[in-house]
Amino acid sequence: MTFLTFLTSLTSEQVVFILASILTIGAALVVVTNRNLFHAALALMASFLGVAGIYITLDAGFLAAAQLLVYIGAISILIIFAIMVTRRMMQVSESPFNSQRGLGFFVAVAGFLIVAVVILQWFGGEAFAAKPPVAPAVLSNAVAALGVSFVNPNAFALPFIVISILLLAALIGAIYIAWPRQRIDPAEDEA
Amino acid sequence: MPPVTIEWYVALSVILFLIGSMGVLLRRNAIILFMSIEMMLNSANLLFVAFARYLGDLDGQVLVFFVITVAAAEVAVGLALIVAIFRTKHSINIDEINLMKG
Amino acid sequence: MENQILIDYLPIAVLFGIALFFALLIPALSLSLGPKPKPIDEAPIHKYMPYESGIVAIGEAQRRLPVKFYRIAVLFILFDVDIILLVPWAISFRQLGMFGLAVMGLFMFLFLLGDLWVWKKGLLEWE
């Protein structure tokens, strides 16, 4: 009965936050522990979806849409293509972990403990006690304000141009690196 | 349950980042490494958006767009490298990619 | 105190609920109503082969894709990011004026330079 009263006492924001967090963290754990690459890629998509839900609780609807389009719609697809291009026969008997797993596990746990101590001390601080209310007009204009920031010389105009150079370099680099060097590829023959 | 304050978002972001770092440190498949790096970038985005909301400043959201762009460029080039490595070594096991060790 | 933003997104949550419900319902119905398959050692051998009509399957079902698929995926991801950056600019286009047009023009010029390179190299051809 106490669990039921706990459930009914939750606000809609808390419900969405809890569900999205469970989806994000659970799917992330599946990505890290699963042996099957395809299942890991699908879990990665679920994890991205959970993060999009978190963005919605933070009143960033356009970013949630961008998350869906870029991370789920493009980056996950690119990863799945890479899996299909480099696939070889399943070797389930092989350990999924690398040769430095002992040291790696130690470093990861140590990092977690350090950050957890800092966060726990910070919890309950006064600086961000409540979410500041935002006027509805500001929210409905948020996407337009982003566009203004992109091309404002006092804000992000220069990084915006630099990012296009990055896209140019990534396009040429990615296609040049993945270019087949000879007509008949030995890797394709073996497949 | 206490209201959802920024500490909850920070905690979620830290947990996501550490799961991603565990994936990078422990797994042997290079593509899983890239998935883990994407999760770590996502956790950074989460922090940007949370602080943008709690500080009432939209600049954090603009930075998220730059992070998304960098992530897309990074994954395109990185997976191209993996494809090229696979073509020469027939393996994407990071334990076998050790030519730079000397 | 209910959050107005989240109420606006309620239809999407309902859609997710319906999608999840059907995704679980259909396999559950086919499992419970359909005939039970015999275990693999009791069934006739062709029941567990890829083609029940008797054609013997050749090779592996999971084949490696040629790299040219990856090339197209790279082009797709970069255009996708480009569109995401264009949308906020397009929404606030009228208040940005000539300077905004110039910045986006430079952005698009640099971006399309790469596509011109790809086009010139003939990588858009599917052989």
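Its DSSP H runs of at least 4 residues, each contributing -39,500 (n - 2.57), put the calculated 222 nm mean residue ellipticity of the protein assembly as shown at -23000 deg cm²/dmol, to the nearest 500.
Would the stretch A:1-89 count as rounded, prolate or oblate if I go by the C-alpha gyration tensor, calling it rounded below 1.5 in a/c and otherwise prolate when a/b exceeds b/c, oblate otherwise? Working shown, then result.
Working: a/c = 5.47, a/b = 1.75, b/c = 3.12.
Taking the square roots of the gyration eigenvalues as a ≥ b ≥ c, the stretch A:1-89 is oblate.
What FRET efficiency comes out for the pair A:PHE105/B:THR88, r = Cβ-Cβ distance, R0 = 22 Å, nearest 0.05? Display every interim value, and only then the final one.
Numbers: r = 30 Å, r/R0 = 1.38.
E between A:PHE105 and B:THR88, to the nearest 0.05, is 0.15.
With all pairs of separate Cα atoms included, chain C yields a Kirkwood hydrodynamic radius of 21.8 Å. Each label point was placed 7 Å from the Cα along the Cα-to-Cβ direction; for B:VAL70 and C:PHE76 their separation is 2.6 nm.
Over the protein assembly as shown, the reciprocal of the mean inverse Cα-Cα separation, the Kirkwood hydrodynamic radius, stands at 24.1 Å. Close Lys pairs in the protein assembly as shown, defined as Cα atoms under 25 Å apart and 8 or more places apart or on different chains, number 6. Taken residue by residue and averaged, Cβ atoms of other chains lying within 10 Å of the Cβ of A:35-43 number 2. Placing dummy labels 7 Å off each Cα toward the beta-carbon, the span from A:SER9 to C:SER30 is 4.5 nm. Of the candidates B:SER21, B:SER36, B:SER13, which one comes out as most mobile in a Gaussian network treatment of chain B with C-alpha springs shorter than 10 Å? For chain B, modelled as a Gaussian network with Cα springs under 10 Å, the answer is B:SER21. A simple rule links phi to the HN-Hα coupling: the Karplus curve 6.51 cos²θ - 1.76 cosθ + 1.60 with θ = phi - 60°, which for the stretch C:26-35 gives 5, x, 5, 5, 5, 6, 7, 8, x, x Hz, with x for Gly and Pro. The residues B:MET22, C:MET49, when put in order of fewest to most other Cβ atoms within 10 Å, stand as C:MET49, B:MET22. Normalised by residue number, the volume inside the convex hull of the Cα atoms of chain B is 107 Å³ per residue.
Throughout, read-outs are computed from the coordinates displayed, never taken from laboratory work. It should be emphasised that the depicted structure is a prediction, and the values quoted were computed from it without experimental measurement. Because the Cβ atoms are built from the backbone with ideal geometry, glycine has one as well, and the counts that use them run over all protein chains shown.
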